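All of the numbers you see were taken from the coordinates with simple rules; none came from a lab. In this text the structure is predicted, and so the values were computed from the model without any measurement. Ideal geometry is used to build each Cβ from the backbone, glycine not excepted, and the neighbour counts take in all protein chains shown.
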Amino acid sequence: MERKRGFEIAKGWEAKGINLPVRKTKYSAGYDIEAAEDTVIPSFKKGMTPTLIKTGIKAYMQDDEVLMLYNRSSNPKKKGLILSNSVGVIDKDYYGNPDNDGHIMFAVYNVKDEDTVIKKGEAIGQGVFQKYLVTDDDNAEGERKGGFGSTTK
């Protein structure tokens, strides 16, 4: 079978009981993604950096595809969690990068007054594979040199 797109366990997480994302219903667009370990997300304070929730997974896809990461709809109200970047973008060349093997993480803030705890195996967000288009004059030739946040390096 030809591999088109999917999820794998990232290097270093193979023996840690990571569950690969799955869709829960026939017509769900998103694959539910779980936390790879217990994580405490502190209550937001001005100037703080987002907390990274590790997933222990990576994703492979076709050349004209992207994996979009979305928050769970219940997270803001129930847990006070919002994504720091609104929507996460996982590019094809993030997979297997030399810094972190393409390990996917959710960058979040907690807007509640108290810390929030996410337990290992708890669903934290969804991943949706999508096609994307490029402009007529696109001539991007650059190559990824690193992992998380490395696009401009």
Per the 1/(1 + (r/R0)^6) rule, R0 = 35 Å and r from the Cβ atoms of Val134 and Lys11, FRET efficiency to 0.05 is 0.70
When DSSP assigns beta bridges and you keep just the ones with both residues in the chain, what percent turn out antiparallel, to the nearest 5? 95 percent
Links that overshoot a 21 Å alpha carbon limit, given the list Lys77/Lys119; Lys58/Lys145; Lys16/Lys77: Lys16/Lys77
If you take the Cα atoms of the range 64-153, find Rg, then find the Kirkwood Rh from the mean of 1/r over all pairs, what is Rg/Rh? 1.04
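Go through the range 1-89 and name the GluC sites (Glu not before Pro) that are in a DSSP coil and have 12 or fewer other Cβ atoms within 10 Å of their Cβ.
Values: sites: Glu2, Glu8, Glu14, Glu34, Glu37, Glu65; in loops: Glu2, Glu14, Glu37.
Loop-located and lightly packed - Glu2, Glu14.
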